[in-house]
Amino acid sequence: MYPTPATDGRHWDGSPRAPHCPRPLRVATTSPSRLLRACQTGRCRRCGYRIDLYQCHDQRPIALHPAELATADVPESCRWHLSGGIAYPHGDNSAWCRIPHAVLCPHRTPTCQAGPRIEAIRRQLAVRTRRLIDTGALTPAPPATPQPVPPTGGPDRPVVQLLLCRYLAQQRLEDLRCVAQTRHRHRCPNPVLGSVGLAGMWKLLPTTARHGQLALPDALMAIYDLSHLSYGEQLRLRTQRCPAHAAVPGAADLALACWEPFDPLMHAAHIHTRLPHPRPKGMTRPLSCSGNHTDPPPAPARPAPRRPPAAARRQPRRHPPDGPRARQAPHRAARRLRNRLGEQLPIDVITTPYPDADHKVLLNVAFPSTVNAALTAQAHREHQSRERLVELAVHRALAELADQEIDRFDRAVRRLLARTTPAYLLSAVGHALTRLPERPTP
């Protein structure tokens, strides 16, 4: 008996051979997340175990255990489920759920009372981590500590203001990398800033509380403001795409964006009260507001210089162009201007037309005697200067005005959505933003 060889299109038993055609992953247009789930895996830096990275409903990243566990074995506060690629912190009324990796990591302290099943998994991961460390395949990362602000640049994790929101970056802005997928199915190596870079500015803005939180003490924090950029540029930075992939809306993301919504309570270690860039010599100090009755305290008196000889006293002194008279303090110049024009014009506020190097303008306000007395008493109670109290009041008023504008815009958008669909509304907004002023309205 001679065996019959199988043909190319059939197996040895004569059954047809179905060719395996690899199918590339694609992101649906209706998906709330632009991430490819097959590429969102990583390793824990402390235990070395595999984790799955997802986005929460509040745009925060979370690392989940790759396997599902029975709902009865997981505490209620640690149950998560997935819907449309987004992780939600509660169960979906099924017999299985996901659990955060922080609950199972042996190098972290558990935050909840775990059952016997959770403890068994933690012991298994601890044995595996010890084996990796003994063989030299894993070096546990040290605990994260807040880094000080470098003297010549910004912090390692700056707070950035984009699209009327504040975000905490996971790294320096110069190190941000594009998260889009290339044609070779790899992550784009281009930086987000591109070759031109950003033209943002550091500002000292008040630390305002989010909705639903307790009131925080009024304090100024350093924020890298990018609100002056165009809407398209801010949207490109928020999605963390390079200029080349910004024009390709269909490209998927291979990594999570390095933006985390800023929370003053959770991210208190990243709040800096000073501007990171030092001011050059000869520059005036930052002033946001000063008044005729709220001038800063005078400088301590200097020792009297020695009197020159009689011959030198008879000669007129000539000050150079850059002498002390040319470098007068801004608040003194505004006060002299008010004294000259106060009797001729009814002026309440004097302001400089252009901001200084710290992007602040000088305000000179004239208060009545009653307001000045109340301001002095309040400054004495709070152990602050009157100028500082007026500055904080101005910042609070501007923050309240911004919140009112956001609420008004939110109500207007909700009224529009009641009569149309989100797709038509986004199309109309994009058409209005790209329309030139000189172009006639259709």
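Observations
- Net lengthening on full extension, residue 423/residue 185 (0.36 nm per residue, minus Cα-Cα): 82.7 nm
- The protection proxy used here, the mean number of other Cβ atoms lying within 10 Å of each residue, ranks peptides 123-136, 100-113 as follows, highest first: 100-113, 123-136.
- Phi to ³J(HN,Hα) by Karplus 6.51 cos²θ - 1.76 cosθ + 1.60 over segment 117-131, Hz, x for Gly, Pro: 5, 5, 5, 5, 5, 4, 5, 4, 5, 5, 5, 5, 5, 5, 5
- Distances between placed amide hydrogens fall under 5 Å for residue 96 paired with 71, all partners being 5 or more residues away or on another chain.
- Residue 82-residue 117 FRET efficiency (beta carbon distance; Förster radius 30 Å; 0.05 resolution): 0.90
- Taking every protein chain into account, the 1.4 Å probe leaves residue 265 with about 100 Å² of accessible area, to the nearest ten.
- Unit charges at the beta carbon, dipole of segment 57-186: most positive-side option, 184, 111, 83: 184
- Here the simple spin-label model places points 7 Å from the Cα toward Cβ, and for residue 404 and residue 351 these points are separated by 1.6 nm.
- With a Förster radius of 22 Å applied to the C-beta separation of residue 230 and residue 171, the computed FRET efficiency comes to 0.35.
- Net +/- balance of residues flanking residue 243 in space, Cβ distance below 15 Å, scoring K and R +1, D and E -1: +3
- Other residues whose C-beta falls under 9 angstrom from the C-beta of residue 90 contribute a net charge of -1, scoring Lys and Arg +1 and Asp and Glu -1.
- Each Lys or Arg adds one and each Asp or Glu subtracts one; over the other residues with Cβ under 13 Å from the Cβ of residue 130, this totals +4.
- Highest-first arrangement of 424-433, 53-62, where packing means the average Cβ count within 10 Å: 53-62, 424-433
- Other-chain or far-sequence residues with amide H under 5 Å of residue 363's (modelled H): 289, 290
- Segment 51-104 - Rg over Rh from alpha carbon coordinates, Kirkwood radius: 0.92
The values are calculated or read from the model by the stated rules, or taken from the named source; none is laboratory data. The shown structure was predicted, so the numbers you read here are calculated from the model rather than taken from an experiment. Cβ: placed from backbone, ideal geometry, glycine included. Neighbour counts: every protein chain shown. Only protein heavy atoms, including side chains, enter the accessible area calculation; ligands, DNA and RNA are left aside. Shrake-Rupley method; radii C 1.70, N 1.55, O 1.52, S 1.80 Å.
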